[in-house]
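Scroll down for the structure; my scribbles are underneath it.
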């Protein structure tokens, strides 16, 4: 069976993410939502049959993108 591997965009920032999650409930919620949306998109994109409308898929992609931007802002602030 050919298993597709998921890519973790923030793999190199694990330590910063753990610290931010423990110090900020807001960051914890944002990062949890990002992980959930990423998981859903991975399943949608790799499903053998996909009956979801394109506009729904696009909306999930856009939401994930906004969360990703916010996470990057948090990580950049944590670096300075």
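The values are calculated or read from the model by the stated rules, or taken from the named source; none is laboratory data. Being a predicted model, the structure only gives us computed values, none of them experimental. Neighbour counts run over all protein chains shown; Cβ positions are idealised from the backbone, glycine included.
Which one of the conditions (1) more than 11 Å from the chain's Cα centre (by Cα); (2) modelled with pLDDT under 90; (3) surrounded by 10 or more Cβ atoms within 10 Å (Cβ to Cβ) does residue 23 fail to meet, given that it meets all the rest?
Result: residue 23 fails condition (2) only.
If you go through segment 21-80 one residue at a time, how many are more than 19 Å from residue 8 (Cβ to Cβ) and either in contact (Cβ under 8 Å) with a residue 40 or more places away in the chain or not in a helix (DSSP H, G or I) (or both)?
9
Would you say residue 14 is exposed (fewer than 11 other Cβ atoms within 10 Å of the Cβ), assigned to a helix (DSSP H, G or I) and modelled with pLDDT under 95?
Working: exposed (fewer than 11 other Cβ atoms within 10 Å of the Cβ): yes; assigned to a helix (DSSP H, G or I): yes; modelled with pLDDT under 95: yes.
Yes: the conditions hold for residue 14.
Go through segment 42-80 and report how many residues are over 18 Å from residue 21 (Cβ atoms), modelled with pLDDT under 90 and touching a helix residue (DSSP H, G or I) at 6+ places or on another chain (Cβ under 7 Å).
Adding up the residues that qualify gives 4.
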